[in-house]
Amino acid sequence: MPSWLRVVLVLFAGVALFDELRAVAWSALSPVPAMLFAAWIVLSYGAVALLAWSAAAGAMAITMSYALCLVLGQYSVTLLCACMVMAVALAMLRRRPALVHLAVTAVWLLVTAVFLHSTDFAWVLGIPLATAALIGVAVRFFVGQYRLNARRLEVVEATHQRLREQERLALARDLHDVVAHELTLVTMQAAGSQRQTDPAELHRTIDTMDTAARSGLTELRTLLHILRDSPGTDDAADERGNASGLTTGSLHGVAQALESSLRGAGLDPMFDLGTGVDDIPTSIRGTAARVLQEAATNMIKYAPTGSPCLVRMTAVDSTVHIHTENRLPHGSGDLDRRGLSSGFGLRGIQERVALLTGQVEYGPRDRTWHLDVRIPVA
């Protein structure tokens, strides 16, 4: 109940009670009737005041007023207060207490008709009370609808916020996937070129850097084009997931591109893709390509120059299994590459694989970094 309505109820009850008590000719009443009369007035207006704190308490107070008005034969004050209590009780009480109060009031009307041997007076009391009951039911309905709509709005807002969060994470993964591999390759080639003295080798390094930079720029443009032309659609999300050139075509083509990048970075890669890997569903193929790309990027970042790198992928028993191995840096003798890590690559792999109910395990073993990804094929 709003605070202003509580204040109105209390003020009304207080002013009306004072005015009613002042208007009674107490000197003409004997002590017992005077006490009953005062109790009747206090209970009636007190029931209205109690509504400000508890509709149930107000209903109990007006019920006692029902009994007193039958004894005293006075109904005006009870009728006025009973109408107010009826409207508030049916609007605010739970269903069972509200029905109980409605039944008690109906019994009171029936007893009044029997007690006075007049149904006409019962109708005089019943029509205002029925009107108040209809008002209370209407208020109860509209308040219930308001609360229901408010809960629905909260659910919609929470869903919208969750979708925005998922979209933000998806965009972060896509941006990382689009540029991380190429920028890592460019950075490592640029760092390695500082120690090169052979002009021919230097030219090959520059060509590799140029190819990687152009590839990253092309993929970034593709991603931006999809975001600008198809905002918020499922098709756009699917296209964005495949925005990189590495996620289109066959996985053997992806492996060849990554193998070339690894060799250009001075590593000794070995790719082993089993038969049937290109027959897996498109969604899994795109995620698998991203896993291979991230694994190759981390190899370029951390594997010592000239060290062997293993990438194995199989599709057996309704499960796609990707396993990669590369040696860990030896320490200060290798290029310090910690500044190249954003920390989001492996997290992105976990998020992508989790969407397909897969599992990701990674970590060092015997100075070798291992990555195992298993994705079930529905």
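Points worth noting:
- Residues in the stretch 72-113 that are surrounded by fewer than 16 Cβ atoms within 10 Å (Cβ to Cβ) and either among the small types (Gly, Ala, Ser) or not assigned by TED's automatic domain parsing to the domain that holds Met60 (or both) were compared, and the one that is farthest from Leu29 (Cα to Cα) is Ala103.
- The residues listed here are Gly232, Gly266, Gly306, Gly245; of these, the one that is surrounded by fewer than 21 Cβ atoms within 10 Å (Cβ to Cβ), modelled with pLDDT of 85 or more and not acidic (Asp, Glu) is Gly306.
- Condition check for Arg374: charged (D, E, K, R) and modelled with pLDDT of 90 or more: yes
- Some residue of the stretch 47-62 being outside any loop (DSSP other than H, G, I, E, B) and over 47 Å from the mean Cα position of the chain (by Cα): no
- Restricted to the stretch 13-46, and to residues there that are free of Cβ contacts under 8 Å to residues at least 24 places away in the same chain and within 56 Å of the chain's Cα centre (by Cα), the residue that is farthest from Val71 (Cα to Cα) is Val15.
- Output for the stretch 259-287, where each listed residue is touching a residue at least 60 places away in the same chain (Cβ under 8 Å) and either touching a helix residue (DSSP H, G or I) at 6+ places or on another chain (Cβ under 6 Å) or among the polar types (S, T, N, Q) (or both): Ser261, Gly264, Ala265, Ser283, Thr287
- Selection status of Phe115, in contact (Cβ under 8 Å) with a residue 40 or more places away in the chain and part of a helix (DSSP H, G or I): yes
- Some residue of the stretch 103-111 being over 20 Å from Val48 (Cβ atoms), in contact (Cβ under 8 Å) with a residue 12 or more places away in the chain, assigned to a helix (DSSP H, G or I) and over 44 Å from the mean Cα position of the chain (by Cα): yes
- Search result, residues across the stretch 63-81 that are in a helix (DSSP H, G or I) and not aliphatic (A, V, I, L, M): Thr63, Ser65, Tyr66, Cys69, Ser76, Thr78, Cys81
The values are calculated or read from the model by the stated rules, or taken from the named source; none is laboratory data. Every value quoted in this text rests on a predicted model; they were computed, and no experiment measured them. In this analysis, Cβ positions are derived from the backbone assuming ideal geometry, glycine residues included, and neighbour counts consider all displayed protein chains.
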